[in-house]
Amino acid sequence: MTEMTASVTAPRPPSDITKRSLPASIVIHALLIAASLLMLYPLLWMVSASVRPENEIFSSTSLIPSSVDFSSYVRGWTGLDISFGRFFWNSLVISLLVVAGNVIACSLTAFAFARLRFAGRNFWFAIMLGTLMIPYHVTLIPQYVLFLDLGWVNTILPLVVPKFLASDAFFIFLMVQFFRGIPRELDEAAMMDGCSAWRIYWKIMLPLSLPVLATAAIFSFIWTWDDFFGPLIYLNDMNTYTIQLGLRTFVDSTSASDWGGLFAMSTLTLVPVFFFFLFFQRLLIEGIATTGMKR
């Protein structure tokens, strides 16, 4: 009887399971590869178009150019009245300042909501979350009037200063959820050793919060680097243009457009985002996976 029970409950050999799941695995991977190629095709076509001769850009959908011509990169970089490197520098400065502002200000605000006790904390936290539902266009005109009165229009200040005032509620909420997952016993032990709230934030919370800080930094950099609407509203002088406004100058509805230069510079603008994401990829995945979880 024991031998019969053992034969019935014995697990199937791993080889049988592998053989039965192999066809399904092949089909799933084939579908994923096909979907990936479909999504990557526009990007690959843009890279291919950047090295095509000008008269072949829109004449073929093939990813393999008939001849390789890098003159579009030279023309795009130096063809405007201002070197495209200037636009790169402006975007880099604005993006890095926004990253610093969001990481510093939002982490401080999130620490206050998650760890400190003060009157009306829940009320102000609810108000902060409510700002996530306000469309950006609702506050655009009042903000523009304010910055115009301050004399900040045509400078990078309207794009940077609000970030140092914790204006991105999404990142505050993200960090609050992460901070709440850190054991409070660490705070209590630090307070018994005489640490102030500022020292707890600086010495304990920040070192333990690198994943969520990296997540906020990556999204801040990508969103600012790709932003077109904000610079379009506040920047009027070509010397202050970001790369997105610089790319717009290649397309002119009243005269000839330099499509080769546009695609070449568009390809170059992807390089900083790619390396920034690649550098922080591990921390980004860890931050998204652990945010809001109890440890």
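The values are calculated or read from the model by the stated rules, or taken from the named source; none is laboratory data. Computed from a prediction, not measured in an experiment: that's the story for all the values here. Here the Cβ positions follow ideal geometry from the backbone for every residue, glycine too, while neighbour counts run over all protein chains shown. Just so you know, the surface numbers come from the protein's heavy atoms only, side chains and all, with ligands and any DNA or RNA stripped out. Shrake-Rupley method; radii C 1.70, N 1.55, O 1.52, S 1.80 Å.
Remind me, relative contact order of the chain in percent, using alpha carbon pairs under 8 angstrom and six or more residues apart?
29
Work out how much length ILE233 to LEU165 would gain on full extension: take 0.36 nm times their residue separation and subtract the Cα-Cα distance, in nm to one decimal.
22.5 nm
In square nanometres, what is the average projected area of the Cα convex hull of segment 36-167?
Answer in nm², one decimal: 13.4.
State the percentage of accessible surface on segment 30-117 attributable to carbon and sulfur atoms; use a 1.4 Å probe and exclude ligands, DNA and RNA.
74
At a 1.4 Å probe radius, which order do HIS137, HIS29 fall into by accessible area, largest first?
Listed by decreasing accessible area, they come as HIS137, HIS29.
Which value in Å does the Kirkwood hydrodynamic radius of segment 98-174 take, with 1/r averaged over all unlike C-alpha pairs and then inverted?
One over the average 1/r among Cα pairs gives 13.6 Å for segment 98-174.
Enumerate the calculated ³J(HN,Hα) couplings along segment 91-97 in order (Karplus 6.51 cos²θ - 1.76 cosθ + 1.60, θ = phi - 60°), each rounded to whole Hz, writing x wherever the residue is Gly or Pro.
So the J values, rounded to whole Hz, are 5, 5, 4, 5, 5, 5, 5.
Using a/c under 1.5 as the rounded threshold, could you call segment 133-276 rounded, prolate or oblate? The axes a ≥ b ≥ c are square roots of the C-alpha gyration tensor eigenvalues, and prolate needs a/b larger than b/c, oblate otherwise.
Because a/c hits 1.5 or more and a/b exceeds b/c, segment 133-276 counts as prolate.
Taking θ = phi - 60°, what integer Hz values does the Karplus form 6.51 cos²θ - 1.76 cosθ + 1.60 yield along segment 27-39, in sequence order, with x for Gly and Pro?
5, 4, 5, 5, 5, 5, 5, 5, 5, 5, 5, 5, 6
Ignoring ligands and nucleic acids, what accessible area does VAL251 show with a 1.4 Å probe (Å², nearest 10)?
Here the residue's solvent-accessible area equals roughly 70 Å².
When the chain is modelled as a GNM with alpha-carbon springs shorter than 10 Å, which of LEU92, LEU150, LEU43 fluctuates the most?
For the chain, modelled as a Gaussian network with Cα springs under 10 Å, the answer is LEU150.
First select every other residue whose beta carbon is under 12 angstrom from the beta carbon of MET205; then total the charges, Lys and Arg +1, Asp and Glu -1.
That sum, taken over residues with Cβ under 12 Å, equals +4.
When ligands, DNA and RNA are left out and all protein chains stay put, how many square angstrom of accessible area per residue does the chain have with a 1.4 Å probe?
60
Suppose accessible area is computed on protein heavy atoms with a 1.4 Å probe; arrange ARG52, ARG121, ARG184, ARG199 from highest to lowest.
Accessible-area ranking of ARG52, ARG121, ARG184, ARG199, largest first: ARG199, ARG184, ARG121, ARG52.
If you count only protein heavy atoms and use a 1.4 Å probe, how large is the accessible surface of TRP259, to the nearest 10 Å²?
Using a 1.4 Å probe on the heavy atoms, I get roughly 90 Å².
Quick one: accessible surface of MET191, probe radius 1.4 Å, all protein chains present, in square angstrom to the nearest 10.
120
How far apart, in nanometres, would the label points at ASP69 and MET133 be if each is projected 7 angstrom from Cα along the Cα-to-Cβ direction?
My value for the distance between the label points is 5.5 nm.
With just the Cα atoms defining each centre, how far is segment 25-90 from segment 214-246? Give it in Å.
Centre-to-centre distance over Cα atoms comes out at 22 Å.
Applying the Karplus parametrisation 6.51 cos²θ - 1.76 cosθ + 1.60 with θ = phi - 60° to the phi angles of segment 163-177, what ³J(HN,Hα) value in whole Hz is obtained for each residue in order, glycine and proline being reported as x?
5, 7, 10, 6, 8, 9, 5, 4, 5, 4, 4, 4, 6, 4, 4
For segment 152-225, would you read off the P(r) tail past 19 Å as a percentage of all alpha carbon pairs?
Value for segment 152-225 (Cα pairs over 19 Å): 48 percent.
Work out Dmax and Rg for the chain from the C-alpha atoms and quote the Rg first, both in angstrom.
Rg, Dmax (Cα atoms, Å): 26.2, 91.
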